[in-house]
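Structure, as structure tokens:
Readers should treat all values here as calculations from the given coordinates under stated rules, not as data from a laboratory. All values reported here derive from a predicted model rather than from experimental measurement. Quick reminder, even Gly has a Cβ in these numbers, built from the backbone with ideal geometry, and neighbours come from all protein chains shown.
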Amino acid sequence: MSEREEMLARLDLAMGAGEFELFFQPQYDARSGRPIVLESLLRWRHPERGLVPPVVFLAMCEDSGLILPLGRWMLSEVRAYHARLAEADWSGISISVNISEVQFQDGELVDYLQRMLAQDAAPPASALELEVQESLVMKDPDEAIRVLSAVRALGVKVAIDNFGTGYASMAALQRIPADKIKLDGSVVRNVDQDANSAAICRSILSLAHSLKLPVIAQGVERMEQFEWLRANDVDGLQGYLFARPAPFDDMLRGLGALPV
Ligand code: G
Ligand code: MN
């Protein structure tokens, strides 16, 4: 068997074997410094290879169709973590889930969410946030608007992920039903050092704010970026500077407000 075939065969068994895990990375309110959302990130703990990052296996899951049951597993799995947040006195925090292209286009996403939310009233739908890539939304804006409107009608929040990677027309953004946008790490990488980068970032912030959309900067790695972003009215922050993705218990131990 080729390495790919071997991985595919193992992936098929991984879900039943409980080898998928969620890591969590906090997002913070830029003004109060408080953690507001935990982004859940999928990891595969392969028995021999150890921790496999999603770039290695997600495309395989999409090709094999495993992405659908896996995506549903993530959605229902995160609900269990709310009780643990409440126990630790962090009950106001939401949890976000990244939605893959296949899952977004599947046609069953809204029905699945509705059934899942109906099973148990706690936590409320508003404690769940879906992250949908900008590129995916812009591929078929009319269809995305239909799905995202239905998601928000359930009370679930929507974030447009990796914003600023070049696909969104400014005209399209105003039609997209969303609660926030997450700036791609590439947009904020040099904001404090490069005038063009700063100009682009400022214009996205100004556009989003005129549409009443909060802006979360992701991929923040340096203190100077953090300072620039706060001075330029960014609403939320996420990145290695504050916290790396980590298993829930490790994340919880390190969780606290940023000094702002
Ligand atoms: O596509 P999305 O933005 O959801 O991807 C999140 C990924 O980005 C995670 O796998 C996480 O490990 C990574 N990440 C989170 N914070 C940082 C950061 O500050 N710098 C870099 N380079 N990557 C980050
Ligand atoms: Mn994301």
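For this structure, a couple of remarks:
- Straight-distance crosslink candidates among lysines, where the alpha carbon sits under 21 Å from Lys212 and sequence neighbours closer than 8 are dropped: Lys157, Lys180, Lys182
- At q = 0.11, 0.13 Å⁻¹, base-10 log of I(q)/I(0) for the range 30-151 (Debye sum, equal scatterers on each alpha carbon): -0.44, -0.61
- Magnitude of the charge dipole for the range 115-260, about its Cα centre and with charges confined to Cβ atoms of Lys, Arg (+1) and Asp, Glu (-1), is about 280 debye.
- Gyration tensor analysis over the Cα atoms of the range 175-214 returns equivalent ellipsoid semi-axes of 21, 11, 6 Å (largest first, whole Å).
- Evaluating 6.51 cos²θ - 1.76 cosθ + 1.60 at θ = phi - 60° for every residue in the range 215-229, the Karplus couplings come out as 10, 9, 8, 10, x, 6, 10, 10, 4, 5, 5, 3, 5, 4, 5 Hz, glycine and proline recorded as x.
- Convex hull volume of the chain per residue (C-alpha atoms, cubic angstrom): 138 Å³
- In this structure, Glu221 and Ser64 have a Cβ-Cβ separation that, at R0 = 35 Å, corresponds to a calculated FRET efficiency of about 0.55.
- Computed from the C-alpha gyration tensor, the three semi-axes of the ellipsoid equivalent to the range 133-245 are 25, 15, 12 Å, from longest to shortest.
- Pairwise label distance in nanometres, Glu21 with Leu207, each label 7 Å out on the Cα-Cβ vector: 4.0 nm
- Extension gain from Asp120 to Arg244, taking 0.36 nm per residue of separation minus the Cα-Cα distance: 41.5 nm
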